[in-house]
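Trainee: Structure provided below as structure tokens; questions to follow.
The values are calculated or read from the model by the stated rules, or taken from the named source; none is laboratory data. All values reported here derive from a predicted model rather than from experimental measurement. Every residue, glycine among them, receives a Cβ derived from its backbone with ideal geometry; neighbour counts consider all protein chains shown.
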Amino acid sequence: MKLFRDARNVSASALMAVSLSSLRSLLLLGILGPALIGAWKAAGLLHLLGEVLRTAVSRGMSLLVPMRTGQGNQEEARRLETAAGFFVLLAGLALGAGVMAFSFLIADENLRLAVRIMAVVLLFAQPCQFIRELTVARHSFQSRSKELLMAAMIDFTFAIALSAGFGLVGIGTATLLSVTVPALYLWRKEGYRFGLRPDWPRLREMSRVGMPYSLTDGAFDLTRLLDAAVMTPLLGPIGVGYYAVSLLIMDFSAFVTRIGISQVVTPHLLREFGKVGSARQVAMFYEMPTRLLSYLLPPVLGMISLLIPQFVHLVLPQYTPGIAAAQVTIWAVFFMAVHASLGSFFLAAGKQFSVLRVLAVLIPLGALAQVAVIRGGFGLTGVAWTSFTVFGLATTAELWIARRGCGHGLRDNLGFLASTYLPLVVSMAGARFLQGADFGLALGAPVEALLRSLLLVLCYLPVLAAYETRFSMLRAVRQTT
């Protein structure tokens, strides 16, 4: 299956890019400190506005172009691309101006500056992100892989060089360069020309298809941002700053899963759907990645959970209050990875509004729960557990809706969910036991943490062997890549 090969190539670039970004972010935590990092993270929430404003049309393009290509209608695919380009240019102008105007209402000096910088970033990010989506819609995964590495290297170099001397202005400049320069490379590589006239019929068509998808994706992103959104007014930038390790984990996992899973699965699934016209026949495009992730990812997350305390103590001691929260947050990555393979299937199955209805209930309930947890004095760890629960409920609902869309009944769905979540439960229980177990060793805390993580993997091997014997997903990946 070419899906696995493309996923491997893009994911490898994404992991290399996120490794550079991780090092960059860790260095920035020490350079800027909790106050400035908290302000920048809070301003980063405005990226969600770009998703809502731009991607109704831009996302519609990324969905319809593979479908039209699968149907053999290349001319219509190109007309859709041209029409979408005109819209995103206007969207960037409107969003940048709106966020800049909003900044004048902010009292906190650091947060006000961060929001103003973000207004400039968002102005350029809309057409730049559109070019990336266009590249993926055309199945130009090799160019996308190179662009990922380019963006990471630019971001790393300039963020470190500029942040020490210029603070928020420095990190904002680095962010702007990492967004625009790689996008210019893709723009030239793809030979795309932005449209200068509105094509209302095609804009309406892309909005009709893209709006539900964008709302669904944006709503799930909002569940990821609920903790920071609620903490900012209740605990202030300093509280968000101590929670920065957890936010860092979620930012990186969102990046890798969106690039390495969602952006690869979507064009493959929709091109095939354009050929066969049956949601049931393309269900394997989400079921196979979900099954592979279900038993391969949990032990990796368990190892990271056991290593987080020593890592923070050694590298970022000023963020020690957020250690326990980060050890909880890491498990939510599992749900993000599973979610990443599902979005395009809901379009094929006509189930987007079913997902939206579920999220419309979960989001306000999750926000209320976060407020109750913070005011109840449960601290950052309570916030992290609440986020984990909201993620779990959202992903479970999505899997249920997807399975029902293929005609699976109650018993079949319960069995699928149980087998999907069992490795996660086993890994969480094993990590918690090993974290608190006293083996009477005197090897030093870092060495003990490493030994505990290795022991977790050894104990998990029977589960891995049983699942691989049953589903043979690792064998399938090796055969197709």
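Trainee: Evaluate the range 438-449: report whether one residue or more is in contact with a Gly (Cβ under 7 Å, 6 or more places away or on another chain) and over 30 Å from residue 279 (Cα atoms).
Mentor: No, every residue in the range 438-449 fails to be in contact with a Gly (Cβ under 7 Å, 6 or more places away or on another chain) and over 30 Å from residue 279 (Cα atoms).
Trainee: Filter the range 183-199 down to the residues that are within 27 Å of the chain's Cα centre (by Cα) and in contact (Cβ under 8 Å) with a residue 12 or more places away in the chain and list them by number.
Mentor: Listed by number, the residues that qualify are 183, 185, 186, 187, 189, 190, 192.
Trainee: Could I ask something else about it? Can you tell me which residue among 285, 273 is crowded, with 22+ Cβ neighbours inside 10 Å, in contact with a His (Cβ under 7 Å, 6 or more places away or on another chain) and aromatic (Phe, Trp, Tyr)? Outline the logic, then answer.
Mentor: Numbers: 273 fails: in contact with a His (Cβ under 7 Å, 6 or more places away or on another chain).
The conditions single out 285.
Trainee: I need a count of the residues in the range 217-250 that are under 20 Å from residue 15 (Cβ atoms) and out of contact with any helix residue (DSSP H, G or I) (no Cβ under 8 Å at 6 or more places or on another chain).
Mentor: Adding up the residues that qualify gives 0.
Trainee: Please go through the range 256-287 and pick out each residue that is closer than 17 Å to residue 404 by Cα, in a helix (DSSP H, G or I) and not polar (S, T, N, Q).
Mentor: Selection gives 280, 282, 284, 285, 286, 287.
Trainee: Taking only the range 181-217 into account, find how many residues are under 19 Å from residue 138 (Cα atoms) and assigned to a loop (DSSP other than H, G, I, E, B).
Mentor: Selection size over the range 181-217: 5.
Trainee: Hey, residue 324 hits all of (1) closer than 26 Å to residue 474 by Cα; (2) surrounded by fewer than 24 Cβ atoms within 10 Å (Cβ to Cβ) but one; which does it fall short on?
Mentor: (1)
Trainee: On to the next question. Restricting attention to the range 89-103, does a residue exist that is polar (S, T, N, Q), part of a helix (DSSP H, G or I) and out of contact with any helix residue (DSSP H, G or I) (no Cβ under 8 Å at 6 or more places or on another chain)? Spell out how you get there, then give the answer.
Mentor: Kept after step one, since they are polar (S, T, N, Q), are these residues of the range 89-103: 103.
From the residues that got through so far, the ones that are part of a helix (DSSP H, G or I) too are 103.
Restricting the remaining residues to those that are out of contact with any helix residue (DSSP H, G or I) (no Cβ under 8 Å at 6 or more places or on another chain) gives none.
No: zero hits.
Trainee: Which of the residues belonging to the range 133-154 are under 12 Å from residue 182 (Cβ atoms) and surrounded by fewer than 23 Cβ atoms within 10 Å (Cβ to Cβ)? If you could, list the steps in order and put the result at the bottom.
Mentor: Filtering the range 133-154 down to residues under 12 Å from residue 182 (Cβ atoms) leaves 135, 143-154.
143, 145, 146, 149, 150, 153, 154, listed by residue number.
Trainee: Only one residue in 85, 50, 72, 92 is surrounded by fewer than 24 Cβ atoms within 10 Å (Cβ to Cβ) and within 23 Å of the chain's Cα centre (by Cα), so which one is that?
Mentor: Sole residue among the options that is surrounded by fewer than 24 Cβ atoms within 10 Å (Cβ to Cβ) and within 23 Å of the chain's Cα centre (by Cα): 92.
Trainee: Is there any pair linking a residue in the range 221-238 that is touching a residue at least 40 places away in the same chain (Cβ under 8 Å) to one that is of a type in the set (D, E, K, R), with Cβ under 8 Å and at least six apart or on different chains, and which?
Mentor: As it stands, the answer is 221/51; 228/41; 234/375; 237/108, since those pairs meet every condition given.
Trainee: Sticking with this one: Taking the residues in the range 235-255 that are part of a helix (DSSP H, G or I) and hydroxyl-bearing (Ser, Thr, Tyr) as candidates, determine which candidate is farthest from residue 64 (Cα to Cα).
Mentor: Step one: filter the range 235-255 for residues part of a helix (DSSP H, G or I), giving 235-242, 244-255.
Cutting the leftovers down to hydroxyl-bearing (Ser, Thr, Tyr) gives us 242, 246, 253.
Values: 242: 42, 246: 35, 253: 27 Å.
Here the residue is 242.
Residue-by-condition table, conditions (1) within 27 Å of residue 419 (Cα to Cα); (2) not hydrophobic (A, V, I, L, M, F, W, C):
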site	(1), (2)
290	yes, yes
293	yes, no
297	yes, no
303	yes, no
309	no, yes
316	no, no
326	yes, no
329	yes, yes
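Trainee: Let me ask something else. What number of residues within the range 138-148 are part of a helix (DSSP H, G or I), of a type outside the set (D, E, K, R) and at pLDDT below 90? Spell out the reasoning first.
Mentor: Narrowing the range 138-148 to residues part of a helix (DSSP H, G or I): 141-148.
Adding the requirement that they be of a type outside the set (D, E, K, R) leaves 141-143, 145, 148.
Subset that is at pLDDT below 90: 141-142, 145, 148.
Residues that pass the stated criteria total 4.
Trainee: Could you give me the residue pairs with C-beta distances under 8 Å whose first residue belongs to the range 157-182 and is farther than 16 Å from residue 17 by Cβ, whose second residue is hydroxyl-bearing (Ser, Thr, Tyr) wherever it lies, and which are 6+ apart or on separate chains?
Mentor: 162/173; 166/173; 170/163; 171/163
Trainee: Of all helices (runs of 4 or more DSSP H) completely enclosed by the range 328-418, which ones contain at least 2 residues that are among the β-branched types (Val, Ile, Thr), surrounded by fewer than 24 Cβ atoms within 10 Å (Cβ to Cβ) and in contact (Cβ under 8 Å) with a residue 24 or more places away in the chain? Step through it out loud before you land on a result.
Mentor: Values: elements: 343-349, 352-375, 379-405.
In the range 328-418, 352-375, 379-405 are the helices (runs of 4 or more DSSP H) which contain 2 or more residues that are among the β-branched types (Val, Ile, Thr), surrounded by fewer than 24 Cβ atoms within 10 Å (Cβ to Cβ) and in contact (Cβ under 8 Å) with a residue 24 or more places away in the chain.
Trainee: Check whether at least one residue in the range 170-190 is at pLDDT below 90 and surrounded by fewer than 22 Cβ atoms within 10 Å (Cβ to Cβ), and report yes or no. Walk me through how you get there before you give the answer.
Mentor: Of the residues in the range 170-190, the ones at pLDDT below 90 are none.
No; the residues of the range 170-190 include none that is at pLDDT below 90 and surrounded by fewer than 22 Cβ atoms within 10 Å (Cβ to Cβ).
Trainee: Also, quick follow-up: So which residues in the range 115-140 are more than 19 Å from residue 214 (Cα to Cα) and touching a Pro at 6+ places or on another chain (Cβ under 9 Å)?
Mentor: Passing the criteria: 138, 139.
Trainee: Sticking with this structure for a sec: Looking at the range 444-481 only, could you name the residues that are among the charged types (D, E, K, R) and either outside any helix (DSSP H, G or I) or closer than 15 Å to residue 300 by Cβ (or both)? Full working, then the answer.
Mentor: Filtering the range 444-481 down to residues among the charged types (D, E, K, R) leaves 448, 452, 468, 470, 475, 478.
Of everything in the range 444-481, just one residue is among the charged types (D, E, K, R) and either outside any helix (DSSP H, G or I) or closer than 15 Å to residue 300 by Cβ (or both), namely 452.
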